[in-house]
Amino acid sequence: MTVIRLFEQESERQYKRARIGGYCHLAIGQEAATVGVVAAMGPEDLLLSSYRSHGFALAKGVPATTVMAELFGRQDGCAAGRGGSMHLLDPEHNYFGGWGIVAGQLPIAAGMALAAVKQGKELAVVCELGDGAVNMGAWHESLNLAAVWRLPVLFTVFNNGYGMGTRVDQSNAEPEIFKRAAAFRMPGERVDGQDVEATHQAAAALLERARKERQPAVLEVMTYRLRGHSVADAGTAYRTKEEVAEWAEKRDPIALVTERLIAAGATAEELDAIQRDAQREVDEAVAFAEASPMPDPSTLADFVYGDPETGRQFSRMAPGSPAGEAAVLAQLEQAA
Ligand SMILES: Cc1ncc(C[n+]2csc(CCOP(=O)(O)OP(=O)(O)O)c2C)c(N)n1
Ligand SMILES: [Mg+2]
C-alpha cells in the first residue's frame, strides 16, 4: 500500500512536470481496496481493471520500473510505451489491463473466464470496475452471461462515491450497488474498502467459490478517492472540502492499517523501513523510466495489429481514404 501511495504521489509530480502525457488517474485513498482484493488472488488468477490502474498493476507484481516507464511512454514500459497510464498491461503477471472505456473490461473478463473454463483451468478472473460502470450495457450483458454460463468472475465494484463529478445516488436508482447482483441471481456483498483485512477476507471467500464452484459474484468495495477524477481535476467542484478532509483525516487506509500494526506490536523502525524501501523502489522506477528511450517512430504500428500487414496498410493514411495509401495506390494502378 505504501509503494502504491508513494508511486502515485510521484506520478502526480511527474505529470505536472510534463514527463507523463495523456490522462493520469490517481487512486490515492483506495490502496486498501486494491491491495485487499489483489492479495486474495492466486498466482493463476487473472486481473482486469479500469483506467485507475497503477495500484492494480503494482499489487499484481508488475515491477514499478516498467509501470513508471509506461507512464512516461517509454520503450521499456510494461505496454511498450503504447498504453500509458490508462492502458497498463503485463500478461506475464496475469494483469490484462488497464481499460479506458468505462465497462470495456467486463465482456473481456467474461470471455477470459469462459476460455479458462473451456481449457479446464481452475482459476478465477477478477474484474474491477468503478461505480460509474454499472449502468453501461456491458455490465448487464457480462453479468448475465457470467451467471447463465457459470463463469468464474468476481466483479469488484470500487464504489468511491463518484463517477467523475456525479454522486452515486444521482446516477443510480439502486445506489446500493451490491444488491443489483440479485438481478442475476449471484451473490452480492459490500465491504469496507478502507479496511484491507476485511476486503481481503471478503474477496478471498468469493474467489474460492469462483474457482471451486464456478460461482460468479459482485463485491462492492466502499472507498474514496482523495484526489480529483484525474490529475487535471481539482476534485472540489462537486464535493465539499470538509468531506475530503474527513476521509483524509479519519479514513486514510494507510493510517488505519498503521494503527493496527502498531497495536499488534510493530516498531517505529519497522514502519520506517517500509517507508524507506518503498521510496527506494519509487526512486528506482523514475530513474529506470528516465533512462528508457522513446519508442522508435518506425515501430509505431508494432503490437497494435494482430496481422502486421494490416499495420502496414494503415501506417500512412491518405487524406480521406478509409483504407490507407496502399489501397489508394492499388486503385490508381488498376485505373491506369
Ligand atoms: C464508455 C465511456 N463513456 C464515458 C467515458 C468518460 N469517463 C471516463 S471515466 C468516467 C467516470 C467513471 O466513473 P467510475 O466508474 O465511478 O470510476 P472512477 O473514475 O470513480 O474510478 C467517465 C464517464 C469513458 N471513458 N468511456
Ligand atoms: Mg467512481
Based on what the data block shows, is residue 47 over 20 Å from residue 143 (Cα atoms) and in contact with an Asp or Glu (Cβ under 9 Å, 6 or more places away or on another chain)?
no
State which residue is farthest from residue 97 (Cα to Cα) when the search covers only segment 134-158 and only residues that are crowded, with 24+ Cβ neighbours inside 10 Å and near ligand 1 (Cβ under 9 Å from one of its atoms).
134
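Considering each residue of segment 176-193, count those that are within 12 Å of ligand 2 (Cβ to nearest atom) and either modelled with pLDDT under 95 or not in a helix (DSSP H, G or I) (or both), and give that number.
1
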Would you mind telling me which numbered condition in (1) touching a Gly at 6+ places or on another chain (Cβ under 7 Å); (2) more than 17 Å from residue 85 (Cβ to Cβ) residue 27 fails?
(2)
Does segment 261-268 contain any residue that is at pLDDT 95 or above, surrounded by 12 or more Cβ atoms within 10 Å (Cβ to Cβ) and assigned to a helix (DSSP H, G or I)?
yes
Could you grab me the full set of residues in segment 135-170 that are more than 10 Å from ligand 2 (Cβ to nearest atom) and under 23 Å from residue 225 (Cβ atoms)?
135, 136, 138, 139, 154, 155, 156, 165, 169, 170
Which condition number in (1) within 19 Å of residue 274 (Cα to Cα); (2) buried (at least 21 other Cβ atoms within 10 Å of the Cβ) is the one that residue 61 fails?
(2)
Any chance segment 67-88 includes a residue that's within 16 Å of ligand 2 (Cβ to nearest atom) and outside any helix (DSSP H, G or I)?
no
Identify the single condition in (1) under 23 Å from residue 185 (Cβ atoms); (2) in contact with a Phe, Trp or Tyr (Cβ under 8 Å, 6 or more places away or on another chain); (3) surrounded by fewer than 22 Cβ atoms within 10 Å (Cβ to Cβ) that residue 100 does not satisfy, given that it satisfies every other one.
(1)
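Kindly establish whether residue 198 is under 22 Å from residue 30 (Cα atoms), free of Cβ contacts under 8 Å to residues at least 40 places away in the same chain, more than 10 Å from ligand 1 (Cβ to nearest atom) and outside any loop (DSSP other than H, G, I, E, B).
no
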Yes or no: residue 74 without any contact (Cβ under 8 Å) to a residue 40 or more places away in the chain and in the same structural domain as residue 190 (by TED's automatic domain parsing)?
no
Is there any pair with a first residue in segment 234-256 that is at positive phi and a second that is modelled with pLDDT of 95 or more and not in a loop (DSSP other than H, G, I, E, B) whose Cβ atoms are under 8 Å apart and which are 6 or more apart or on different chains, and what are they?
235/244
For segment 211-242: of the residues being closer than 23 Å to residue 85 by Cα and small (Gly, Ala, Ser), which is surrounded by the most Cβ atoms within 10 Å (Cβ to Cβ)?
228
Quick check, is residue 203 more than 20 Å from the chain's Cα centre (by Cα), of a type outside the set (Asp, Glu) and either within 30 Å of residue 118 (Cα to Cα) or more than 14 Å from ligand 1 (Cβ to nearest atom) (or both)?
no
Count - residues of segment 103-130 that are part of a loop (DSSP other than H, G, I, E, B) and on the phi < 0 side of the Ramachandran plot:
6
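Sort out which residues of segment 80-92 are touching a residue at least 24 places away in the same chain (Cβ under 8 Å) and more than 14 Å from the chain's Cα centre (by Cα), and write them in order of number.
So in segment 80-92, the residues touching a residue at least 24 places away in the same chain (Cβ under 8 Å) come out as 80-82, 84-88, 90.
Answer for segment 80-92, where residues must be touching a residue at least 24 places away in the same chain (Cβ under 8 Å) and more than 14 Å from the chain's Cα centre (by Cα): 80, 81, 82.
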Over segment 9-34, the set of residues buried (at least 24 other Cβ atoms within 10 Å of the Cβ) and either assigned to a helix (DSSP H, G or I) or away from ligand 1 (no atom under 15 Å from the Cβ) (or both) is 11, 31, 32, 33, 34
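The values are calculated or read from the model by the stated rules, or taken from the named source; none is laboratory data. In this text, all values refer to a predicted model and were calculated from it rather than measured experimentally. Ideal geometry is used to build each Cβ from the backbone, glycine not excepted, and the neighbour counts take in all protein chains shown.
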